[in-house]
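The values are calculated or read from the model by the stated rules, or taken from the named source; none is laboratory data. Everything quoted here is computed from the prediction, not taken from an experiment. When we count neighbours, we look across all protein chains shown, and the Cβ atoms used for this are built from the backbone with ideal geometry, even at glycine.
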Amino acid sequence: MAQHETGIEGVLLDEQTRVSITEMTRVCGVSVEQVRLMVGEGLLQPGGGAGPDNWSFSGVEVRRARRALRLQHDLELNLAGAALALELLEEVEQLRRRVRALEQQHGVICEVD
Amino acid sequence: MEYKDYYKILGVARDASADEIKRAYRKLARKYHPDVSKEPDAETRFKEVNEANEVLKDPDKRAQYDALGSGWHAGDEFRPPPGSGGGRREYEFSPEEAARFSDFFASIFGGAGRGAGFGDVPPGARDRGFARRGADQTARLRISLEDAYHGSSRQLSLEMPEFDKDGRLQTRTRTLNVRIPAGVTEGQQIRLAGQGGPGMGGDNGDLYLEIELMPHPIYRSEGRNIHLRLPITPWEAALGATVPVPTLGGTVSLKIPPNSQSNQRLRLRGRGLPGKTPGDAFIELEIVNPPADADAARSAFEELSKHFAGFNPRARLGV
């Protein structure tokens, strides 16, 4: 059965989007304590005030948190392991982009005798 | 439906020990995890590996699977053995678990599971009593750089698990018309609240669309910044000139300062992808010589050569 729904507008999770701790827990399906642990691990860097109640996160961090939780769960990692995996993955992604850019800049190789 | 060779999927022998199975599973899970792997079929492989592990790690399920016999080959047309309703044991699966498993799995162990995109469940969403939140779904959205710049609408067809009126899990094809805002960048996600898998007495899951930008023939994007190599003539570089430059927003005039060289970069502020802080366009100059394929052209280059007899572009190389 197919069903059509039109004109759905989502929320772009970019740096400008701000997410409260309550929204973060709901979106990730975790407790405040688990978010606090991720912040303690340096995985998330909340803006806003000092206490968790005043914390706000960027949309990009929503993706990071979900990714870290998935890695943690699916690969049975602890939080520190998931944080390390995530940092390395992000570095690899950045390097891949650089390589692609440099490859594009390189000219065609011409063999000469 | 197709027979699945779970031993082959994990790459272990039929008499493999529980430890061997665990080791093989862990290794493959790391290799094909959709967050880690760059292989195009990672998602499918990860699901297969999980399904194989789900069966082989559990002595009861493994025995039931082994009872089908060892004469099967992967891909063989499989029909559940007759009378399997009688002695066979049915297992309980949550909808998001069932959604991960194949028809073959469901025919042996119950749970009307069908593949449904790559469903993932926030770990904390499990086991909250009876009310269960639906599974989050993630889908990739490949769009052109032009669409990222201007914003666009996309029609998506997604397979979603859903409960029918008898509470059985079914797969339904949903068509969504989604607006993609202007200024999205590679890897960004759009969250569509409540558009994921159905909840059971709880909220629906969310749908996440992950943006993937298609390679562009002339532009390259880095976040919101756009890079472009711009060919110019030797005299435009030497004397300075105003030349047309394509940008995502249309052609603009660029002033090339005199004495420019190849690989110099000029910045057009705010001409990248739009946003609260729009990206910039970086124009990298590339001096292109006209072909010296006619006598007149060659003599023009000879004139230059005579005039610049003392110029050594390799002075820095010590030759």
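Here are a few things to note about the model shown:
- Evaluation of residue A:49 against the conditions (1) under 15 Å from the mean Cα position of the chain (by Cα); (2) surrounded by fewer than 20 Cβ atoms within 10 Å (Cβ to Cβ) shows that the sole unmet condition is (1).
- Residue count for the stretch B:148-176 satisfying the condition of being within 8 Å of chain A (Cβ to nearest Cβ) and surrounded by 14 or more Cβ atoms within 10 Å (Cβ to Cβ): 3.
- Looking across A:96, A:63, A:67, A:100, one residue alone is touching a helix residue (DSSP H, G or I) at 6+ places or on another chain (Cβ under 8 Å), under 20 Å from residue B:186 (Cα atoms) and without any contact (Cβ under 8 Å) to a residue 60 or more places away in the chain. It is A:67.
- Within the stretch A:56-75, the presence of a residue that is buried (at least 17 other Cβ atoms within 10 Å of the Cβ), part of a loop (DSSP other than H, G, I, E, B) and in contact with a strand residue (DSSP E or B) (Cβ under 6 Å, 6 or more places away or on another chain) is excluded.
- The number of residues in the stretch A:24-46 being more than 9 Å from chain B (Cβ to nearest Cβ) and either within 24 Å of residue A:88 (Cα to Cα) or surrounded by 16 or more Cβ atoms within 10 Å (Cβ to Cβ) (or both) comes to 13.
- Scanning the stretch B:199-223 for residues that are buried (at least 21 other Cβ atoms within 10 Å of the Cβ) and part of a loop (DSSP other than H, G, I, E, B) yields a count of 2.
- Within the stretch B:155-198, the set of residues being basic (Lys, Arg) and either part of a strand (DSSP E or B) or at positive phi (or both) comprises B:172, B:174, B:179, B:191.
- Filter result (in contact (Cβ under 8 Å) with a residue 24 or more places away in the chain and either in contact with a strand residue (DSSP E or B) (Cβ under 9 Å, 6 or more places away or on another chain) or more than 11 Å from chain B (Cβ to nearest Cβ) (or both)) within the stretch A:76-86: A:79, A:80, A:83
- Matching residues, the stretch B:15-41, being in a loop (DSSP other than H, G, I, E, B) and either in the same structural domain as residue B:189 (by TED's automatic domain parsing) or surrounded by 12 or more Cβ atoms within 10 Å (Cβ to Cβ) (or both): B:16, B:33, B:34, B:35, B:36, B:37, B:39
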